[in-house]
1. In whole Hz, what ³J(HN,Hα) sequence does segment B:33-45 give by Karplus (6.51, -1.76, 1.60; θ = phi - 60°), x for Gly and Pro?
2. How far is the Cα center of segment B:44-87 from the Cα center of segment A:90-123, in Å?
3. If the elastic network links every pair of Cα atoms under 10 Å, which of B:ARG15, B:ARG58, B:ARG26 fluctuates the most in the Gaussian network model of chain B?
4. Highest first, please rank the peptides A:33-41, A:71-79 by the mean number of other Cβ atoms sitting within 10 Å of their residues.
5. Contact order normalised by length for segment B:2-127, with contacts defined as Cα pairs under 8 Å and 6 or more residues apart; what percent is it?
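Derivation of every value follows stated rules applied to the coordinates shown; laboratory data play no part. Note that this is a predicted model, so its numbers are computed, not measured. Please note: Cβ atoms are built from the backbone with ideal geometry, for glycine as well, and neighbour counts cover all protein chains shown.
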Amino acid sequence: MAVCIAVIAKENYPLYIRSTPTENELKFHYMVHTSLDVVDEKISAMGKALVDQRELYLGLLYPTEDYKVYGYVTNSKVKFVMVVDSSNTALRDNEIRSMFRKLHNSYTDVMCNPFYNPGDRIQSRWALLPVSDPVQVGPAFCVLLPSFCRTCLAILVAKMQPFGKQGRKGLFKL
Amino acid sequence: GQKMSLSVLESMGFRVGQALGERLPRETLAFREELDVLKFLCKDLWVAVFQKQMDSLRTNHQGTYVLQDNSFPLLLPMASGLQYLEEAPKFLAFTCGLLRGALCTLGIESVVTASVAALPVCKFQVLIPKS
């Protein structure tokens, strides 16, 4: 599974970096930084290539002896970089693509958050929960949200019960 | 006064436009040139927000685009003709910001203004300065 995930803004500064082995994080930061050159190369190569070959997923950027680095760029020139363990050969291309797709969805949700200013570092743990644990890119977020909504709805319904007796004023006393 | 409130509305539209510019073009491939981005605004963005497409897009190929909507949904229920012409800018400020925000996420700095000759026809002018 992925050992490091990074979201880089279009001005090439990091918005979010997370790696599993919390010791020696600097090595992954450096790896992500060097991979940005390769990403830029691929983007400019894509610009000159034929129309049909334009794609968001960039594929394998470069392999090192221990790790492989994959890239993905969005329409708004925000780049996602993922570092995976080379020893995990069972990881297929379409799995990497689906991980990037989930990351893209989470990033879009962060963008739509009205309390988030575009260009800030991503502090929210909720938003990137599906990918914040790089080992398990799982449906953690989907499990938490419905139960949260259900409890909110239950509270709202309970508060709304005496609506008829108190009239309109009762509605605002949450 | 009114100018302050218009700029507040426009900045609200800008933030929403930024979010939409991230969410809407998700599965479509990267845009090749400015005209593609403008076409995306006229078709996908307008359909997502107003459930209809923009009626016409004109350009002078030098950074100025005029988007015309012949039955703008925010002005349609108000009047038809010259009545309420001076109230119209309030309803257009948010939409100008929306266009500017979406363009900004897609990498294009622009200035968007709107003008109304007769309700409900309105024109949005997008000026993209050449760098």
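1. Calculated HN-Hα couplings, in order: 8, 4, 4, 5, 5, 5, 5, 4, 4, 5, 8, 5, 5 Hz.
2. Measuring centre to centre over Cα atoms gives 33 Å.
3. B:ARG26
4. Working: A:33-41: 15.7, A:71-79: 21.7.
Order by mean packing, descending: A:71-79, A:33-41.
5. Working: 200 pairs, mean separation 45.8, N = 126.
The normalised contact order for segment B:2-127 reaches 36 percent.
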